[in-house]
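Written out below as structure tokens is the structure these notes cover.
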Amino acid sequence: MKASTLLSQIKADIKKYHDLLPDPKYKPGDDSVESIISGYNQENFRKIMDSKYEGLEEDINKKDLDDFKRRIDYFFSIYAPDEVEFREFIKLISIYLSFIAKKPLHPPGIVFDNGKKVYKKGSHFICTGKNIFLKDKESLCRYCVAENEE
Ligand code: SF4
């Protein structure tokens, strides 16, 4: 499958999840993890809806894509088994980030509980916790474009 076809599918499928966009209570300047992630979801939803397909000729590896979806299903089965709609929304956003936009799954600016963080350095995205989080069972970091800090 070409990247343009995948993006077209994401765009068609994600429309119905518009109501899952972050609550307006999340304001710019609020740097809580929830606010940063909600803002990132909102930003990427808008980007998907405004996206064009030209130049997206890359072939998407179906095995990787299926494995990626399976890992998201695993994550939700552990932490939020009843959040079916939200799981599908996050799945679409995450596929877009990793396979189309080539942006990290966690937003630059986020600081995790263990103090590790994600940031942009030039044209690269750095995640200082990637080495650690890669060891988690069914980790999505394997498919994330963020690089380890040297
Ligand atoms: S490498 Fe892992 S922890 Fe770091 S941004 Fe990507 S998905 Fe998140």
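Would you mind putting 101-108, 59-66 in packing order, based on average other-beta-carbon counts within 10 Å, highest first? Before the final figure, lay out the partial values.
On the way: 101-108: 19.1, 59-66: 11.9.
Result, highest mean first: 101-108, 59-66.
Listed highest first by mean packing, meaning other Cβ atoms within 10 Å per residue, what order do 91-100, 48-57 come in?
Working: 91-100: 21.8, 48-57: 12.1.
Per-residue mean Cβ counts within 10 Å order the peptides as 91-100, 48-57.
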Length released on extending from ASN114 to LYS16, taking residue separation times 0.36 nm less the Cα-Cα span: 31.8 nm
Amide H within-cut-off set for LYS2, under 5 Å, with H built and near neighbours excluded: ILE60
Span-like helix ranges in the chain, DSSP H, alpha carbon extent 15 angstrom or more, Kyte mean at least -0.5: 3-14, 84-95
Set LYS47/LYS69; LYS15/LYS52; LYS63/LYS130; LYS69/LYS117 screened for pairs whose C-alpha atoms are more than 18 Å apart: LYS47/LYS69; LYS63/LYS130; LYS69/LYS117
Charge dipole (debye, nearest 20) of region 3-148; +1 at Cβ of Lys and Arg, -1 at Cβ of Asp and Glu: 380 debye
Residue among VAL145, ALA12, GLY109 farthest towards the positive dipole end of the chain, charges placed on Cβ: VAL145
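Could you work out the per residue convex hull volume over the alpha carbons of the chain, in cubic angstrom? If you can, show how the numbers build up before the last one.
Details: hull volume 19.4 nm³, N = 150.
Dividing the Cα hull volume of the chain by its residues yields 129 Å³.
Computed FRET efficiency, Cβ-Cβ of LYS62 and SER35, R0 30 Å: what is it to the nearest 0.05? Mind showing how you got there, number by number?
Working: r = 35 Å, r/R0 = 1.17.
With R0 = 30 Å, the Cβ-Cβ based efficiency is 0.30.
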Mean ellipticity per residue at 222 nm, deg cm²/dmol - from DSSP H runs of n ≥ 4 across the chain, formula -39500 (n - 2.57): -13500 deg cm²/dmol
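Throughout, read-outs are computed from the coordinates displayed, never taken from laboratory work. All values derive from a computational prediction rather than experimental measurement. Don't worry about glycine lacking a Cβ; one is built from the backbone with ideal geometry, like all the others, and counts go over all protein chains shown.
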